[in-house]
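Readers should treat all values here as calculations from the given coordinates under stated rules, not as data from a laboratory. It should be emphasised that the depicted structure is a prediction, and the values quoted were computed from it without experimental measurement. Using ideal geometry, Cβ is built from the backbone for each residue, glycine included, and neighbour counts are taken over all protein chains shown.
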Amino acid sequence: MMLRLPDAWFFIIIAHTGARIAEIASAPATLKFLGDIPCLDLIDAGSKTQNARRLVPIIPDLRRLGFIEYAEAQAKAGKALMDPPAGPKITADAWSKRLNRYIRDVGFTDDALVAYSFRHAFRQMLRAANLNHEVVNKVFGHESGEVGAGYGRQLSAGEARHVVENVKFPAHLDHLLSAKRR
């Protein structure tokens, strides 16, 4: 099977950020910084709820895969984060179908595993990192429902650093970015 780089990056980004498919499909390539921590900008892309409008810290495992360079190249070319290399922009629904096919093509066989599953897996990674529940909700874009939750609603630079220092992705996906695959 030949490399499908846009599909691989979309899959990798979802798995390492927990973002919704529609958020990644409309996210800008330009990263924002909280202090010195690069973050995926879902402020305009995260429109499901007020809390969905957020910055998601780029964890070291995603950086190691070359995500920062990928995003910078997309931005330099004037593209959104997930603009395909040629042709019209792809809708979130089309990306969802495409990613679910890609998941099968790269060897996952469990029919219950779909692109949205990685959102749940990322939430579990945040929990496994022993992050404060409020920080998990800020990164994930969920409301806590607690009194006072509106105070300090946005992730701080210190909280972003804590995420980056503690969240670990449980597998290596380097092979998805290889020039050729078997």
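Values computed for the structure shown
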{"item": "³J(HN,Hα) computed for each position of the stretch 164-170 - Karplus, 6.51 cos²θ - 1.76 cosθ + 1.60, integer Hz, glycine/proline x", "result": "4, 6, 10, 8, 10, 7, x"}
{"item": "Shape of the stretch 58-122, Cα gyration tensor, a/c cut at 1.5", "result": "oblate"}
{"item": "Spacing of the two label points (7 Å from each Cα toward its C-beta) at ASP44 and ASN132, in nm", "result": "3.1 nm"}
{"item": "Simple spin-label estimate for THR30 and LYS97 in nanometres, 7 Å along Cα-Cβ", "result": "3.3 nm"}
{"item": "Ranked packing of 6-13, 19-26, most packed first, by mean Cβ within 10 Å", "result": "19-26, 6-13"}
